[in-house]
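The structure under discussion appears below in the form of structure tokens.
The values are calculated or read from the model by the stated rules, or taken from the named source; none is laboratory data. On a predicted model such as this, the values are computed, not experimentally measured, just so you know. Note that each Cβ is placed from the backbone with ideal geometry, even for glycine, and that neighbours are counted across all protein chains shown. With ligands, DNA and RNA removed, areas are computed over all heavy atoms of the protein, side chains included. Shrake-Rupley method; radii C 1.70, N 1.55, O 1.52, S 1.80 Å.
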Amino acid sequence: MTYDFALVGGGLQNGLIALALRAHQPAARVVMIERGAVPGGNHTWCFHDEVPAWVDPLVTVRWSGYDVAFPAHRRELAAAYACVTSERLAAVVTEACEVKVHTTALTIGADHVLVRDRDGEVTELRAANVIDARGPERAHADACGWQKFLGQELRLVTPHGLARPMLMDATVAQRDGFRFMYALPLAADRVLVEDTYFSDGIELDAEVSRGAIADYVAAHGWTVAAVEREETGSLPLPLRGSCARAGAPLIAGYGGGWFHPVTGYSFPIAARLADAIARGEDLVKLATAHGKQVEFAQRLNRMLFRWFAPDQRYRVLERFYRLPEATVRRFYALELTALDRARILFGRPPRGLSLTAMLRGHA
């Protein structure tokens with residue numbers, strides 16, 4: 001079979017590419033190759049910034065702002081925030097392109113993919129454009145740290161009363177690195193609560209996180225009717241590594257370095273790449289611009305993970321959330337200006353800075 005685009009992997013990046021292609025190249029023949037039962041997996045994605053209009057069908061909930069809380073600083077931010085679920089992604093993507101589930105890519109070339117279906121039949125799919133976006137497990141092996149989390153989507157007995165997301169509640173006990181709770185109000189009686197860490201190691205104690213979520217829920221006076229869903233993840237936060245490149249086949253998503261090295265967020269970068277592909281824009285130029293932002297972001301990772309003791313890292317984020325809201329927004333979008341970089345780097349350093357580590361040149 002011959003296609004215009006063969007998308008290997010049914011996660012967020014290729015889902016966004018499929019939707020962008022439907023918007024900008026509706027006649028394109030697009031096939032998605034997914035080894036699981038459905039595209040999208042078991043995830044919740046959120047984003048802060050404006051995105052192309054073709055993303056709108058994915059959004060399940062929007063809020064006009066969000067909150068953060070630290071021991072010495074609380075703040076309400078007015079930037080829009082939106083949520084996308086794997087279920088919605090699967091439904092929309094299945095309508096946007098041909099999806100081959102239970103199908104494994106055996107070999108991937110610039111113009112073909114050799115696949116094996118669930119019955120063991122091997123087929124060669126030919127395509128003018130092949131894009132490989134098979135997930136974070138193929139990303140940088142030299143990560144300096146990890147963003148790891150366990151989240152539970154909870155149905156409550158009574159309404160939770162949250163008007164907007166709590167993006168970071170770092171007033172909780174700091175352990176295993178920078179730790180915070182994340183609360184996402186999905187409906188009046190439904191909330192996603194995540195126990196999240198910026199840690200040196202990839203291991204996550206699921207039982208400890210479940211207990212922490214139960215304690216957080218109890219502290220808010222909520223009573224759980226049911227745990228509707230649970231998700232876990234460990235995302236690499238690289239110290240340094242190869243930057244994203246344009247090539248054939250194109251390595252996209254986490255495996256290609258198209259994500260935010262400090263936050264682990266992938267949505268804004270994935271949407272930017274998808275839009276550029278669908279519009280036929282210069283991917284070399286885009287990769288170069290992305291690489292410059294990544295270089296600075298990796299420098300921030302080296303500072304966060306090497307200049308501060310694990311239980312002091314929260315002070316870095318506490319200081320960051322005192323910066324102008326526009327800088328915060330551009331940071332999450334990975335579109336920092338020179339002035340933004342100066343604001344992040346200069347000024348009074350957060351408490352907990354290790355001068356010894358800094359002077360050893362570990363940046």
Q: Please go through the stretch 175-197 and pick out each residue that is open to solvent by less than 20 Å² (accessible area, probe 1.4 Å) and either aliphatic (A, V, I, L, M) or touching a helix residue (DSSP H, G or I) at 6+ places or on another chain (Cβ under 7 Å) (or both).
A: 177, 178, 181, 183, 184, 191, 192, 193, 195
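When you go through 6, 18, 37 one by one, which is the residue that is crowded, with 20+ Cβ neighbours inside 10 Å, out of contact with any helix residue (DSSP H, G or I) (no Cβ under 8 Å at 6 or more places or on another chain) and closer than 22 Å to residue 115 by Cα?
Exactly one residue qualifies, and that residue is 6.
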Q) Of all residues in the stretch 309-363, how many are within 19 Å of residue 74 (Cα to Cα), in a helix (DSSP H, G or I) and modelled with pLDDT under 90? A) 0
Q: Of all residues in the stretch 58-86, count the ones that are assigned to a strand (DSSP E or B) and either open to solvent by 10 Å² or more (accessible area, probe 1.4 Å) or within 18 Å of residue 169 (Cα to Cα) (or both).
A: 17
**Q.** Scope the stretch 288-301; condition buried (at least 19 other Cβ atoms within 10 Å of the Cβ) and in contact (Cβ under 8 Å) with a residue 60 or more places away in the chain; matching residues
**A.** 298, 301
Q: For residue 281, indicate whether it is charged (D, E, K, R) and not in a helix (DSSP H, G or I).
A: yes
Q | Of residues in the stretch 228-273 being in contact with a helix residue (DSSP H, G or I) (Cβ under 6 Å, 6 or more places away or on another chain), among the small types (Gly, Ala, Ser) and part of a helix (DSSP H, G or I), the one most open to solvent (accessible area, probe 1.4 Å) | A | 255
Q. Taking the stretch 159-218, which residues are among the aliphatic types (A, V, I, L, M), assigned to a loop (DSSP other than H, G, I, E, B), within 21 Å of residue 229 (Cα to Cα) and touching a Pro at 6+ places or on another chain (Cβ under 8 Å)?
A. 162, 188
